[in-house]
Amino acid sequence: QVQLVESGGGLVQAGGSLRLSCAASGRTFRWAGMGWFRQAPGQERAFVAAINWTGDRTYYADSVKGRFTISRDNAKNTVYLQMNSLRPEDTAVYYCAGRNRGDYATSGEFYGDWGQGTQVTVSS
């Protein structure tokens, strides 16, 4: 099992950037596929980005492709989400998730470990 703690959220103007971090504890992190999801008020949780255990394969939701970048540093037990060109519709609570397989997945049902979330608010 992996414990996950997100940080880096905040308030930013449209067009700005934020970098989210997800610090993991637990010896299995380096073997785990990781993902970022988000949930806006009144909406269901949505997939944002995912990365495999080696970091050489990534996948993005169409809504963030070209603007967000997911990466990981297994030596630091951390996964990142660099968010550029932010839009008001990116406003949500962002969650980091880990799974017990090395490949990534785009559905939350395939992730067993979740962080507490970090709020991202983009003003227009």
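The values are calculated or read from the model by the stated rules, or taken from the named source; none is laboratory data. Just so it is clear, the structure is predicted and the values come from calculations on it, not from any experiment. All Cβ positions, glycine included, derive from the backbone under ideal geometry; neighbour counts span all protein chains shown. The area values use the complete protein model at the heavy-atom level, side chains included, leaving out ligands, DNA and RNA. Shrake-Rupley method; radii C 1.70, N 1.55, O 1.52, S 1.80 Å.
Observations on the model:
- Filtered residues of segment 43-69 (kept if open to solvent by less than 90 Å² (accessible area, probe 1.4 Å) and either over 14 Å from the mean Cα position of the chain (by Cα) or of a type outside the set (A, V, I, L, M) (or both)): Phe47, Asn52, Thr54, Gly55, Thr58, Tyr60, Ser63, Gly66, Arg67, Phe68, Thr69
- Identity of the residue in segment 92-110, open to solvent by less than 40 Å² (accessible area, probe 1.4 Å) and over 19 Å from Ser63 (Cβ atoms), that ends up farthest from the chain's Cα centre (by Cα): Gly102
- When segment 11-42 is filtered for residues that are touching a Gly at 6+ places or on another chain (Cβ under 6 Å), at pLDDT below 95 and open to solvent by 90 Å² or more (accessible area, probe 1.4 Å), only Trp31 remains.
- The requirement of being touching a strand residue (DSSP E or B) at 6+ places or on another chain (Cβ under 6 Å), open to solvent by 50 Å² or more (accessible area, probe 1.4 Å), at pLDDT 95 or above and closer than 17 Å to Tyr80 by Cα is satisfied by Ser7.
- Search result, residues across segment 73-91 that are open to solvent by 40 Å² or more (accessible area, probe 1.4 Å), in a strand (DSSP E or B) and either among the aliphatic types (A, V, I, L, M) or in contact (Cβ under 8 Å) with a residue 60 or more places away in the chain (or both): Gln82
- Considering segment 111-124, and only residues there that are part of a loop (DSSP other than H, G, I, E, B) and open to solvent by 60 Å² or more (accessible area, probe 1.4 Å), the residue that is farthest from Ser21 (Cα to Cα) turns out to be Ser124.
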